[in-house]
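Down below is the structure, laid out as C-alpha cells.
The values are calculated or read from the model by the stated rules, or taken from the named source; none is laboratory data. Not measured: the values here are computed from a predicted model. Reconstructed Cβ throughout: ideal geometry from the backbone, glycine too, with neighbour counts over all protein chains shown.
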Amino acid sequence: MKRVTAICAVVAVALLASVNAHAVNVGNIVVKRGVADTVYKAKHLVVGMADPGAEFKVNGNNVKAYKTGTWGIELQLQPGDNAIKIEDAAGSTSFNVFYSTTPKAVKRDLAKEAAEAEKLKFYPANLMVVTKKYAYLNYGAGTDRLGGAKINYLPEGIKMYADAENENLYRVRLSQNRYAYIPKSQVEVAGKWAPESDFMQSNVVLSESSSVYNAGDFDRVSIGVEDKRPYIVKEYNDPHRIVVDLYGVQCNSNWLTHKGGLKSVDHIDVESIDSDVTRITVYLKTKSSWGFTMDYKGGSLNLDIKHVPDQLYLKNLTIGIDAGHGGPESNGAVGLSGLKEKDMTLAMAIALKNILEKQGAKVVLSRDSDVGMTIRERQDKFIENKVDIVLSIHCNAGGGPLSSLGTSTYYRYNVYKPLAENILGYLTNMDGVNSFGMVGNFNFSLSAITDFPCVLVETLFISSLKEEEMLADPAFRQNMMENVAKGLSDYVKECRIAEGQAKK
Ligand SMILES: [Zn+2]
C-alpha cells in the first residue's frame, strides 16, 4: 500500500475531473478512474496506478503498468450492471459499474450560455476607452480557451469609442465602416463620448509626411500621424511585405523620404483604402523575417523592422527558450502519475539550452527554476535580451489517457511556418512519436508578439499514459530536444541561403 499515499496527492488533477474520488485497491493496484456508479457510454476507461511494470488482469485482460506506474484499459460494457474484476497474485477485488442506456438529463445548456455571454448590449451613449499597455484587438465577440481571435497588439494611449459590450469585451469603432472588439481588462474607461453625427468630422485625423531610415539594428518607418489611432498590421510573403492599415486616419502623406543604407526596407506605398483608412505597405528586401516593433512616439507611428542578422549561423544568434508554466500557480497539465508539465518543460528547456550552447549559440531562458511568470514577463525578458528567435516548450493534454496523439508545432504568422515545419519534421521522424500536426494562426499570446519569430512546440501529450512515460524519460527528452535543435539549425540555414549569405 506504500504507493497509495504517494498517489492520493495527485488525485485532484485535471485528468480526473468529473470522476468519482474513491479509489479501489488490490494490493498495490489502484483504480483512479473508471469506478463510477452509473455511466452512459458503453466504452468505459479504467485507469489507475500500480508498481511500475506490474502485470495483472482486468476482467481477464492482461494489463501492464507503464514505467511511470500508470495503467489503463478500455472495456466494453453491457447495459445494466457490469462487474469489473481486478486480479493479481496478491488477490482480487471487483466492483460494479451500471451502464444506463437512458440518456443523462442535460442540466445546463452550455451552448446557450456561451451565446448569451457573447451577445452584445448596446449603449445609449458611447464610452470613450483608452488602451492600456499590451492591449490587443479581437476580430469578433467570440471566445475560446485562449481568448477570442486576436488581430494584433496596440500601444497604450489609443482612444476609441465603444458602442456596445458583452460580458468580457467592448465593441469599438475603428473607422466609419470597421468595428473590432477589445477585452474590457485592457482599456481604461475615460468617460462618455458622443461623436458628432458625422463620424468623419469628429474622429478623423490626417497622416503627415513620413520617412524611412536605417536606425542601427533595424530600419525605422516613421509615419506622421496627428493623433494616436488604432491599426491592423499584417506581414505577408511573396512579395515579403508588412501592411499597416491606420484607422480613423485620412491619407495626406505627400512626402515619403527614403534615406540611404536601408537593409530591410525596399520601398513603401501609401494609399487610401477608405475615406478614413490609410494603408502603408512596406515592401521588404529580405526573404526571412526577424520581427518588428510598433509604437507611437512624438507625433509618429514608428514601425521598426529588424535587420537580418549578419552571418546567419547558430553561433551568431541569441535564442530565447521559454519553459511553459512554472511556480505554484501554474503546473500546466498533470499526468496521471503526477508528472507535471512545468517540470518537463523546464527540464527540456535546459536540455535544449545545453545543446544549442554547444553549437555556439547564446541562449536566454525565460525561467531556469520553478517560478511563475506571466506571458508579459517572458516577452519583456526576451525583448530586453534582444533574442533573435523564441522557442516555447510545452506538453499537450486532451484526447484521453489511452490515446497517443503525438507531437505538434504552432505558429501565429505565416512567415514563421518554415521554422515550425522544420522542427515538426524532425520530431515526427523519432521512433514512436506520432504527428498531431502543425497549427497556424495560433492564438497563443507569446506567438502573437511580432517582436521576434516564435514557434511553440507541444512536445507530447502528458495526459496520454504512453506519452507521459516517454516524457518522464530523461534520455527521450534529450533526444527530442536534439531534434528541435536540428529543426532550428536547418531553418537558420534556409534563411542563410535565402538571404544570399551562402550557396545552396
Ligand atoms: Zn502548456
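Things to note:
- Selection of the range 86-135 for residues being in a strand (DSSP E or B) and at positive phi yields only Gly91.
- Checking Leu419 against (1) under 22 Å from Lys340 (Cα atoms); (2) in contact with a Pro (Cβ under 7 Å, 6 or more places away or on another chain); (3) hydrophobic (A, V, I, L, M, F, W, C), the condition it does not meet: (1)
- With respect to being without any contact (Cβ under 8 Å) to a residue 12 or more places away in the chain and more than 16 Å from the ligand (Cβ to nearest atom), Asp451 falls outside the description.
- Of all residues assigned to the range 428-437, at least one qualifies as being within 16 Å of the ligand (Cβ to nearest atom) and either of a type in the set (A, V, I, L, M) or assigned by TED's automatic domain parsing to the domain that holds Leu339 (or both).
- Residues of the range 58-110 that are crowded, with 17+ Cβ neighbours inside 10 Å and more than 26 Å from Lys466 (Cβ to Cβ): Tyr99 alone.
- Boolean, Thr102 is out of contact with any helix residue (DSSP H, G or I) (no Cβ under 6 Å at 6 or more places or on another chain), under 21 Å from Leu446 (Cα atoms) and at pLDDT below 90: no
- Of note, Thr459 satisfies the criterion of being among the hydroxyl-bearing types (Ser, Thr, Tyr) and within 16 Å of the ligand (Cβ to nearest atom).
- Extreme residue, surrounded by the fewest Cβ atoms within 10 Å (Cβ to Cβ), among residues of the range 343-376 that are of a type in the set (D, E, K, R) and farther than 11 Å from Asp322 by Cα: Lys358
- Odd one out for Arg108, checked against (1) out of contact with any helix residue (DSSP H, G or I) (no Cβ under 9 Å at 6 or more places or on another chain); (2) touching a residue at least 12 places away in the same chain (Cβ under 8 Å): (2)
- In the range 333-372, the residue that is nearest to the ligand (Cβ to nearest atom) out of those that are assigned to a loop (DSSP other than H, G, I, E, B) and out of contact with any helix residue (DSSP H, G or I) (no Cβ under 8 Å at 6 or more places or on another chain) is Gly372.
- Scanning the range 373-384 for residues that are of a type in the set (Val, Ile, Thr) and within 15 Å of the ligand (Cβ to nearest atom) returns Thr374, Ile375.
- Checked across the range 393-416, the condition of being assigned by TED's automatic domain parsing to the domain that holds Glu458, farther than 30 Å from Val46 by Cα and surrounded by fewer than 19 Cβ atoms within 10 Å (Cβ to Cβ) holds for at least one residue.
- Residue satisfying all of: in the range 385-423; among the polar types (S, T, N, Q) and part of a helix (DSSP H, G or I); farthest from the ligand (Cβ to nearest atom) among these: Asn414
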